[in-house]
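Here is the structure we will look at, set down as structure tokens.
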Amino acid sequence: METLQSVLAEVGSWAIPAAIVIIAGIGALRGVKVYEVFVEGAKEGFNVGVRIIPYLVAILVAIGMFRASGALEGLVALLEPVLNTVGFPGEALPMALIRPLSGSGALGVMSELIETHGADSFIGRLASTMMGSTETTFYVLAVYLGSIGVRRSRHTLAACLIADAAGLVAAFVVVSLVFGE
């Protein structure tokens, strides 16, 4: 078993550099001017970055205001009694509320929960599973829709938030079934 783990670790350390060399090699064999195409793509990426900066600033300011205003704590206090009836720990609620807004904020909350309760605790496992089963919806929408100039997203936000809710519920159900509490 240890041999397999060491082989996988070695393969993992070389996977990305090998992929880059293989892709560049295939491009060169097909007559693509790899460096020039790379530079052109980098220019396009920079232009996209410049276009999405206002959307990123707006979402980061909104997240900061949400946390600094005490609205997060108020929302947790409001929802905690309801969620306790189904066994959802109130300590994990900030993770569920921050995750759609900010990946780094959610990582901070998850790290705090793991430090406080332990990685092998129900709350630590739940926070980790929620982190992997949901998305930073508002950030993703700001980046993707902002980069292509979409002003009216119609049902996109609702669909994304429903998917996040499904991910949160699934995370709670799976962690409850597998690790119980």
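Do we find that TYR55 is at pLDDT below 90, part of a helix (DSSP H, G or I), among the aromatic types (Phe, Trp, Tyr) and surrounded by 11 or more Cβ atoms within 10 Å (Cβ to Cβ) in this structure? Yes; evaluated as a whole, the condition is true for this residue. On the stretch given as the stretch 90-123, residues that are in contact (Cβ under 8 Å) with a residue 24 or more places away in the chain, assigned to a loop (DSSP other than H, G, I, E, B) and not aliphatic (A, V, I, L, M) total 3.
Quick grid of which residues meet (1) buried (at least 19 other Cβ atoms within 10 Å of the Cβ); (2) touching a strand residue (DSSP E or B) at 6+ places or on another chain (Cβ under 6 Å); (3) at pLDDT below 90:
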| residue | (1), (2), (3) |
| --- | --- |
| LEU101 | yes, no, yes |
| SER128 | no, no, no |
| ALA142 | yes, no, yes |
| PHE179 | no, no, yes |
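When you check ALA28 against the structure, is it in contact (Cβ under 8 Å) with a residue 24 or more places away in the chain and surrounded by 12 or more Cβ atoms within 10 Å (Cβ to Cβ), yes or no? No: the conditions fail for ALA28. Set side by side, the residues GLY87, GLY31, GLY27 differ, and just one is small (Gly, Ala, Ser), in a helix (DSSP H, G or I) and modelled with pLDDT of 85 or more, which is GLY27.
Among the candidates GLY87, GLY45, the residue that is free of Cβ contacts under 8 Å to residues at least 60 places away in the same chain and of a type in the set (Gly, Ala, Ser) is uniquely GLY45. Filtered by the rule that a residue be closer than 27 Å to ILE52 by Cβ, in contact (Cβ under 8 Å) with a residue 60 or more places away in the chain and more than 19 Å from the chain's Cα centre (by Cα), the stretch 142-181 gives a lone residue, GLY149. Taking the stretch 75-89 as the range and being among the β-branched types (Val, Ile, Thr) and under 25 Å from MET65 (Cα atoms) as the test, only VAL76 passes.
The values are calculated or read from the model by the stated rules, or taken from the named source; none is laboratory data. Values in this document were obtained by computation on a predicted structure and should not be read as measured data. For neighbour counting, all protein chains shown are included, and Cβ atoms are generated from backbone atoms with ideal geometry for every residue, glycine included.
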